[in-house]
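Step one of this worksheet: look at the structure below.
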């Protein structure tokens with residue numbers, strides 16, 4: 001078919017082949033970029049997690065990575081996934097507590113939380129949001145509002161954490177919810193409660209906590 005000046009319009013097969021080739025080249029480019037940037041992205045995420053561990057475990061100077069196994073906690077620096085906790089130690093080598101990763105649904109999407117837990121006192125020592133897509137200006141206050149984050153410093157976790165109306169907190173296991181973001185506030189409390197239920201039976205008793213003999217930051 002002619003499209004003017006005697007030039008023939010490309011056939012459908014040729015157009016399809018051109019589109020397929022362009023898609024193939026684009027795919028290769030995306031893969032190449034991903035492969036080139038993956039080590040940097042992975043390293044950045046690992047460093048962000050490391051810094052978060054220090055935030056939720058005040059006074060910690062050394063960290064060890066443990067994996068939950070049928071035989072108990074085993075140190076495994078290469079462990080990945082949901083069966084990993086981080087033991088944090090003070091300068092004298094005493095265990096401060098564990099940094100535990102827990103996730104669950106929020107108002108918009110999944111919220112991923114890292115919280116510090118002292119098993120001897122059964123208290124939360126700190127909380128840090130690792131991942132959240134909550135509503136900007138409201139739900140995102142779960143990590144932008146310093147007062148809300150401070151709720152989780154030296155907080156009783158048993159029988160469970162309870163979010164109450166801001167300004168009404170009266171019990172050691174209660175946190176002040178964020179006005180206008182109650183769902184997100186309660187989601188953080190629920191996620192930590194669920195993490196505690198999942199892990200409390202797998203962490204060593206206070207007199208059987210992992211030592212620091214081989215630990216290095």
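Every number here is computed from the coordinates shown, using simple stated rules; none is lab data. All values reported here derive from a predicted model rather than from experimental measurement. When we count neighbours, we look across all protein chains shown, and the Cβ atoms used for this are built from the backbone with ideal geometry, even at glycine.
I'd like the projected area of the stretch 69-124, averaged over all directions, using the convex hull of its alpha carbons. Report it in nm² with one decimal. Directional mean of the projected Cα hull area for the stretch 69-124 stands at 5.5 nm². Model label points for residue 14 and residue 78, set 7 angstrom from Cα along the Cα-to-Cβ axis, are 5.4 nm apart.
Remark: spin-label model distance residue 71-residue 166 equals 5.1 nm, labels positioned 7 Å along the Cα→Cβ axis. With the highest mean first, a sort of the peptides 81-93, 50-62 on other beta-carbon atoms found within 10 angstrom per residue produces 50-62, 81-93. For the peptides 116-122, 198-204, residues were scored by their other Cβ atoms within 10 Å and the scores averaged per peptide; the highest-first order is 116-122, 198-204.
Per-residue packing, averaged as other Cβ atoms within 10 Å, sorts the ranges 23-30, 65-72, 144-151 into the order 144-151, 65-72, 23-30, beginning with the highest. Between residue 200 and residue 48, the simple label model (points 7 Å from Cα in the Cβ direction) yields a spacing of 3.1 nm.
Can you give the FRET efficiency to the nearest 0.05 for residue 158 and residue 29, using r as the Cβ-Cβ distance and R₀ = 41 Å? Walk me through the intermediate numbers first.
Details: r = 53 Å, r/R0 = 1.30.
It comes to 0.15.
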